[in-house]
Every structure is written in C-alpha cells, then in structure tokens.
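Readers should treat all values here as calculations from the given coordinates under stated rules, not as data from a laboratory. Remember, it's a predicted structure, so these values are computed and weren't measured experimentally. Reconstructed Cβ throughout: ideal geometry from the backbone, glycine too, with neighbour counts over all protein chains shown.
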Ligand SMILES: Cc1cc2nc3c(=O)[nH]c(=O)nc-3n(C[C@H](O)[C@H](O)[C@H](O)COP(=O)(O)OP(=O)(O)OC[C@H]3O[C@@H](n4cnc5c(N)ncnc54)[C@H](O)[C@@H]3O)c2cc1C
C-alpha cells in the first residue's frame, strides 16, 4: 500500500499549485531514492553521500535563497520540502537544513559580496558542503558562554577552540565557526584543510545515525582577513540563523510524524490479533485519533508560520512555539507508533523506531524543548528565567 | 528540432478506482491524477532530444479544466509551451480524440510527434497512430529506443515477436513504451518557471455523439483458486484442466 499523506483539514487547498508541485516532486523522490536504502545507512551509521548530487540537481540546497543562482523559493514551499525530506529521514532533512538555513542563509545575510559569489552558487550545486559550528563541549543551550576565540593578526585572524555536535562537520568544505573576538561573537568561514583545523566524526550515536555529526578542533588556525562576516556581530548573528532553521525543523518533525502515523495506520489495518484486525479496537482507534489531531495541529501551525514569514511578520517566539510543539508531538507519535507495531516496530523493516530515535536529536538541537519553553515563558511574562 | 508531445491526464495507477453513482464515470473524490506514464516517458524523451539537438518541446493535452495541473507538470519538467484543448465533457472515442488533436497540431512546426503507446485508463492504444494518419505522417508504434540524426530517426520497435529496427525520415510520429527514457523529477527552478510559460487554451470541439458510454462496471471479483491434487499425481489432472477448461494449453 502506498503512502497516504495525512491532510485531514484539506490544507492542500490552501497551497498554491507551485507549492503542491514542489512537495509532490520531493515526495516522489524520497519514495524512490531515500526510502529503499535509508535503513541500511542508518544501521551502518553513514550519510548517503550519493544523494547529495541528486538533491542539488532538484534544487533543494538553499532553495529559499534569492539570487546567486539559487531559486528564491517561498517559505511554505521550502517548508514542504523539509517536511517531505524528514518523512524519509531526519538525517537527510538535517543535511539540507544545515546547508541551506545555517550556512547559505547567513552567508547571504551577513557575508561579503566575495563570500556570496564564492560559496552560494557552489553550495546550491552541491559542489561545496557547509556546516555550522556554534555548540561547544561545555556550552550548548548557552552559546553566549562560548570559549572559542579569535585574535586579530597582521594578515587576518587566528582561531582557537573546539566545536562539538556539528552536523555535516566532517564532510564540509567550509565551516561557519562562531568565535569571540574581543569578547564579541563573530562568524568566520574556515575552509577544510586549513592548518590546525581538524574535523572528526563522532561515533556511537543511537540517534540521527544517517548523518555526519562531528567535532571541529581549531588549534592556532590562521584565516585571512576576508574570512570574517562583515555584516554582523554579537549573538544575534547565530540566533538569527537558528530562527531560520528552526522554522524548517517544525515542518520536518511534522513529516516524521506523518511517516510514523501512516505506517501504523496501515499496519493495524492488516495485523490480526484475537481474530480481527487491530484497527477495530478502541484503544488503537484512540491512538490514531489522537495522533491525527496532533499532526493536523502541527500542519496548521506550520502553514500559518510559513505565511507569516512570507509576509515578513514571523517572530522568533512563534518559531519557538512551532518547533517545540512539532518536535514534542512528533516524538510522542513516533513512540506510540513504535508500540503499535509490536516487535516489528523495533526492526529496520519499518520506519517507526528510526524516526523515534532520530526525533530525540531533533527535540534537542536548535534549542531543547525546555529552552523553547523558557523563550515562550519570557515572552508571556516578560521575565527571563534561563539566566 | 520542434517536438510535439500529446499527453493525457489519467487517474494515478496507485488510486483506488470505484464506479460513481451514475454508473458511467469513476468516483473522483480522493483520486490523484497524473500524466499517463507512457506519455510522461514521451515528454522525457522529447526533453532529452531537445537538450541534445536544440529546438522546442510543446505539449498538447485534450482534457478537463483541471488538467492544467498535469500540463504544468510537463512544463516544470522542461517543456517550453503547452496547448490545452479544454474538454467540457461528453464521450469521445479514439477517432474523435485523434481528430481533435490533429486539428490543433496541424500547421504547427513539428519534426517529431510523440505519444505514449496507450493511456493507462482507456487502454485503447489507438490515438497516436490515428493522429499520425490524419496528419499524413509516417508512424512507428511501441518504440523503445529512438535516435535522431540528419533528419532521420532510427527506432527500435519492440513487440512480443522481437525487435524491429526501423529508419524513418522526419517529420514522423512515434508511440513510445517503457525503456525509452526515465522521467525526471521536476526541479525547483523548473516548477517556478512553469507558471510563466505560454499555455494556450482552446475549447475542444463538442463531441459528435458518435460514441456513448452505456455503463461502467468494475471487473468481476476473481474467483478463488482450486487445488486439484498434490505432487506428481496431480499433473495429469492439472494439464487436462488447463487445456480443456481454461484453454491456456493446446
Ligand atoms: C545530532 C545532533 C546534531 C547537532 N548539530 C549541531 C550543529 O550542526 N551545530 C551546532 O552548533 N550544534 C549542533 N547540535 C548541538 C545542539 O544544538 C545542542 O546539543 C543543544 O543546543 C543542547 O545543548 P547541550 O547538548 O549542551 O545541552 P545542555 O545545554 O547542557 O542542556 C541539558 C539539559 O538542560 C536543560 N537546560 C539547559 N539550560 C537550562 C536552563 N537555563 N533552565 C532549565 N533547563 C535548562 C536543557 O533543556 C536540557 O534538557 C547538535 C546536537 C545533536 C544531538
């Protein structure tokens, strides 16, 4: 039985023909190119490198960027791309989010003209891969405490420090490293192979296994004067990037939830216990009803968020709510579906457990669930609770 | 080289088809539509030929108003322009469809006219060759390989009996089958350009009423199998039934 994408409130009707066509193209591609092999990659702990060229060919990398050979796609269509990619696997969506929202977007927003010319077209074509280095071993939720430092030299800057948990970190041709220069956060573009710069894959993950998560070590790394972002300083640089990426994560998490729900719905229709299909049991129906309701709410929130972004009215707090809500419910849905598939649910023959494990990362990165709770709490009360 | 591809909107092969209450049409609710898969192969081949030799690709679709979706899909894949022959309803047999298509193709620049070997809903496999005849073009059906050079096409026509290799001077028409090309996924830029490409809308001539659809019935449910025995002993009876009852052995 083919995948039936849940659309209980007929949101399709609120999409433009272009948005639907983009979504359908990516959906078909995921079905034929991602799903057949992703379980093997997940078990092997490898990212499907062979798909990068195909995603580039489709135009998915930095699809939201306008100019520099990029298509300038609207936020709803872009969100739908991420939703469909994560229907395949969170690792694939993470690759695209990092490349597009966390590296290309800041280069476009804060970079020099030379940096844009040099990187954006190549990154859109998938010929250069990027990563975003903010988190450090000792500073995750509180990036302002970062210890990575830059010092001005005669020819440029010298960087020292370490970044951890960096998606695409080892495969990257260019790392956007956030470091403090005279106590203020700045962005630096550090290229693969620069002396003193080590990119090292992290092993033994139980989550996001089909993704390159790495450590970046910077030991007296000398970069030229034009490696710094001229357009931004302070934490608002990285935080603005995260707002971009987080809105995409809300769409992505919905995609993972949709994949799990659809798989469980099909499974219980066929699985017979005590003489009839599980689908006819009230406990099972209660779960399906609950899950479809949550998926529908996520979809509504995402669509509205996309339209607000289109109109230039989206706030970081709205993004926090959408990311927090989608990740939380997607994870609950994945766990419920895992349970509904019984023993089959723990195998690579089905998707639920892979999504469930992936979502543990998705609910953690780009601001944990509780950090988004505190962002909302701050907005509601005017009182900051995290410091 | 100017290429025209005729394409039809059909229900997705994955859709569950049920007969509607009027017993004359299929239930449209919840049924996705697509470019008929063989036509989509023809579109892909046309695009590949254009990329290799230059020229234009025009798609022509006789279909209901909603077929703009499938037309845009072909434009998103890379076709340059489209003609939508808008069908306001009524029944048309293959000849009437062919006449309507030939009517809009006539007079347009066309070195190569492509069709799918059949649509996956009506399955007549007739329209392509009929249009070619009406336009006085040479036609080869069931094409699985197509190369063009110096105003000639070399094609492989594949059927149950084997492969015929045929050379034709252009302009010519071909109906194509699986194996010829693998349809591409529309790319983001293609999709964004699609809405800006020329789409000519023409009202299709009203059906002449030469064909009426009387009744639509789902295929009879298949009967369960029958076990005629076990092991070697069953072979004699099985052969007898296959030849005398099922008449699949002679
Ligand atoms: C697979 C994966 C990929 C990643 N990719 C990237 C990447 O590409 N680039 C990058 O820069 N980072 C990346 N990260 C890092 C990620 O953003 C951080 O892990 C995340 O921000 C949380 O930081 P931490 O792990 O240090 O947890 P901590 O900040 O130590 O948090 C631990 C727990 O404490 C809670 N907590 C923290 N502060 C407070 C507070 N004030 N009040 C109450 N509770 C609090 C948190 O909610 C959490 O539950 C990735 C992480 C993973 C798992």
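As a calculated quantity, the FRET efficiency between residue A:181 and residue A:54 at R0 = 45 Å, using C-beta atoms, amounts to about 0.70.
Which residue, A:216, A:374, A:85, has the most motion in a Gaussian network model of chain A that connects Cα atoms within less than 10 Å? Largest GNM mean-square fluctuation: A:374. Using the beta-carbon distance between residue A:269 and residue B:149 and R0 = 51 Å, what value does 1/(1 + (r/R0)^6) give for FRET efficiency, to the nearest 0.05? The formula returns an efficiency of 0.40 here.
With contacts taken as Cα pairs under 8 Å at a separation of at least 6 residues, region A:130-227 carries a relative contact order of 33 percent.
Remind me, relative contact order of chain A in percent, using alpha carbon pairs under 8 angstrom and six or more residues apart? Provide the component values of the computation, followed by the final result.
Values: 713 pairs, mean separation 68.6, N = 387.
Once normalised by length, the contact order is 18 percent.
Ordering A:139, B:84 from the fewest to the most neighbouring beta carbons within 10 Å gives A:139, B:84. Between residue A:285 and residue A:46, the simple spin-label model (points 7 angstrom out along Cα→Cβ) gives 4.7 nm.
Counts of other chain beta carbons within 10 angstrom of each beta carbon in peptide A:21-32 average 4. The stretch between residue B:133 and residue B:202 holds 22.6 nm of extra length on full extension. This uses 0.36 nm per residue minus the Cα-Cα distance.
Taken along the Cα-to-beta-carbon direction at a fixed 7 Å, the label points for residue B:235 and residue A:236 span 8.7 nm. Put a dot 7 Å past the Cα of residue A:192, heading toward its Cβ, do the same for residue A:384, and the two dots end up 3.9 nm apart. Taken as Cα centroids, region B:189-250 and region A:330-352 sit 37 Å apart, rounded to the nearest whole angstrom. Normalising the Debye intensity of region B:2-203 to I(0), with uniform scatterers on Cα atoms only, and taking log10 at q = 0.09, 0.12 Å⁻¹ returns -0.32, -0.57.
Relative to the longest principal axis of the Cα atoms of chain B, the long axis of helix B:94-105 lies at roughly 20 degrees. Pairing the Cα long axis of helix A:75-88 with the longest principal axis of chain A, what angle in degrees results, from 0 to 90 and rounded to the nearest 10? With both axes taken from Cα atoms, the answer is about 70 degrees.
Please determine, in degrees from 0 to 90 and to the nearest 10, the orientation of helix A:352-362 with respect to the longest principal axis defined by the Cα atoms of chain A, where the helix direction is its Cα long axis. So the inclination is approximately 30 degrees. Counting only DSSP beta bridges with both residues in chain B, the antiparallel share comes to about 40 percent. Packing around the peptides B:104-117, B:227-240, A:250-263, A:149-162, taken as the average count of other Cβ atoms within 10 Å per residue, puts them in this order, highest first: A:250-263, B:104-117, A:149-162, B:227-240. When the label point is put 7 Å from the Cα of residue A:307 along its Cα-to-beta-carbon vector, which residues of region A:22-62 have a backbone N closer than 17 Å? Answer for region A:22-62: none. Length gained on full extension, residue B:16 to residue B:164: 49.6 nm, using 0.36 nm per residue less the C-alpha separation. Residues B:155, A:232, B:64, B:59, arranged from fewest to most other Cβ atoms within 10 angstrom of their Cβ, appear as B:64, A:232, B:155, B:59.
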